[in-house]
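Presented below is the structure to which this report refers.
The values are calculated or read from the model by the stated rules, or taken from the named source; none is laboratory data. Since this is a predicted model, take the numbers as computed values, not measurements. Glycine gets a Cβ as well: all are built from the backbone with ideal geometry, and neighbour counts include every protein chain shown. Surface areas here come from the heavy atoms of the whole protein model, side chains and all, with no ligands, DNA or RNA. Shrake-Rupley method; radii C 1.70, N 1.55, O 1.52, S 1.80 Å.
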Amino acid sequence: MKKTAVIVGGGFSGCAIAEMLKRKGFAPTIIEAGPTLGGGCRTFFYNGHPYTIGPRHILVNSNEMFVWDYMAQFLDMRELKHHSLTYVQQDQNFYTYPIHKDEIATMPDRDTINAELAARGDVASSQNFEEYWVNSVGQTLYDKFVNTYSKKMWGVKNNQEIDDFGFSPKGVALKDGHKVSFEGSKVIGYPNEPDAFNSYFDKVCAQDCRVILNTPVTRFDLENKRVFAGGEWISGDIVINTASLDLVFDYCYGELRYIGRHFMKLILPCERVTPDPYYFLYYAGDEPFTRVVEYKLLTGYKSPHTLLGIEIPTFDNKMYPYPVKADIAKAGRYMELFPKDCYTIGRMGRYRYDNMAEVIKDCYALIETL
């Protein structure tokens with residue numbers, strides 16, 4: 001008889017681990033609170049235009065192409081080049097993002113910027129997100145591109161609150177050479193299929209996998225490897241969680257913070273809005289939105305019209321775990337509570353700002369331990 005696995009959550013991580021578990025000889029059951037598989041990576045259609053709730057391309061480290069190969073088993077993947085612009089209110093102008101050295105000469109306050117760049121502090125000594133950026137690019141560029149954007153993104157009043165910043169946004173803080181993001185470090189991919197990743201979710205869960213939709217898990221009994229959902233206890237030889245850690249343990253250490261997005265869709269009567277090769281627009285001023293994405297440039301959809309997705313930060317849903325050490329430490333305490341044969345993966349299950357590539361790697365690592 002096959003071993004059984006109960007998977008809480010049918011987003012990308014839940015579907016990926018279910019597919020790998022089947023190949024390992026398990027019979028998985030996915031319990032999903034919503035009506036579809038795929039979570040935030042599910043493609044929907046608005047008057048024919050495909051879109052996801054925020055752009056969901058996969059970012060693969062260039063030295064970890066086995067992740068790309070995994071997705072290519074199921075989907076016809078194509079490589080994208082990531083080009084972005086940021087609108088800077090102070091200058092009433094768009095500039096390439098990441099901030100590009102060549103464009104400083106076009107800025108009205110270039111003399112001040114160059115003086116600050118010459119007097120930059122030690123990035124390694126930075127204690128928070130604000131110090132990291134000021135030490136990297138100086139106060140003026142930080143104020144233009146990052147200060148207000150980050151406060152909007154995370155719903156904070158001061159960027160000094162963000163103290164886990166072991167990353168360099170879009171590859172570098174100040175770029176030269178080509179203007180493509182992640183140059184040389186990551187390969188960016190998106191499926192050619194009209195419904196993007198949907199066929200992956202549907203294929204991997206179509207056979208030898210029980211899927212329970214529209215059914216939230218309301219109780220966890222991990223010591224006995226079971227969860228309560230839809231009026232019944234569902235047990236397995238192992239339990240894999242992809243839901244938020246605080247929910248699993250009834251908030252015993254307090255609630256974990258997340259910020260989410262409201263997502264507005266706008267169809268315009270033209271074939272393209274953003275200039276080639278850009279398809280991401282970031283807004284670093286006091287506009288309520290953070291990002292506008294022209295979706296057909298991501299999806300490859302053909303139409304005389306174009307769809308824009310407009311993202312507005314909100315606390316009404318949970319999409320992004322906070323890069324704050326206190327919250328990360330609290331999540332770590334929750335993870336220590338998982339008993340033998342119970343595991344947690346995914347963005348919410350690990351309380352990490354992961355993309356799909358990182359989730360696939362985590363799934364591979366878990367499978368190797370079973």
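Going by the conditions given, is Ala331 of a type in the set (Gly, Ala, Ser) and in contact with a Pro (Cβ under 8 Å, 6 or more places away or on another chain)? In short, yes. Looking across segment 106-146 at every residue that is among the basic types (Lys, Arg) and not in a loop (DSSP other than H, G, I, E, B), the one that is least open to solvent (accessible area, probe 1.4 Å) is identified as Lys144. For beta carbons closer than 8 Å, sequence separation of 6+ or different chains, a first residue in segment 175-191 that is among the acidic types (Asp, Glu) and a second that is at pLDDT below 85, the qualifying pairs are Glu183/Gly171. Within segment 187-232, the set of residues being within 30 Å of Tyr301 (Cβ to Cβ), open to solvent by 50 Å² or more (accessible area, probe 1.4 Å), out of contact with any strand residue (DSSP E or B) (no Cβ under 8 Å at 6 or more places or on another chain) and not hydrophobic (A, V, I, L, M, F, W, C) comprises Asp202, Lys203, Gln207, Asn214. Number of residues in segment 298-320 that are surrounded by 20 or more Cβ atoms within 10 Å (Cβ to Cβ) and either out of contact with any Ser or Thr (no Cβ under 7 Å at 6 or more places or on another chain) or modelled with pLDDT under 95 (or both): the value is 5.
If you go through segment 87-103 and pick out every residue that is open to solvent by 10 Å² or more (accessible area, probe 1.4 Å) and under 17 Å from Lys175 (Cβ atoms), you end up with 5. Lys330 fulfils the conditions (1) touching a residue at least 60 places away in the same chain (Cβ under 8 Å); (2) open to solvent by less than 40 Å² (accessible area, probe 1.4 Å); (3) part of a helix (DSSP H, G or I); (4) not β-branched (Val, Ile, Thr) except for a single criterion, (2).
Just give me the residues in segment 257-287 being β-branched (Val, Ile, Thr), farther than 28 Å from Phe315 by Cβ and open to solvent by less than 50 Å² (accessible area, probe 1.4 Å), in sequence order. Across segment 257-287, the qualifying residue is only Thr274. Scanning segment 333-357 for residues that are in a helix (DSSP H, G or I), more than 20 Å from Ile162 (Cβ to Cβ) and within 17 Å of the chain's Cα centre (by Cα) turns up Gly346, Gly349, Met356, Ala357.
The residue of segment 31-57 that is nearest to the chain's Cα centre (by Cα), among those that are aliphatic (A, V, I, L, M) and closer than 17 Å to Ile17 by Cα, is Leu37.
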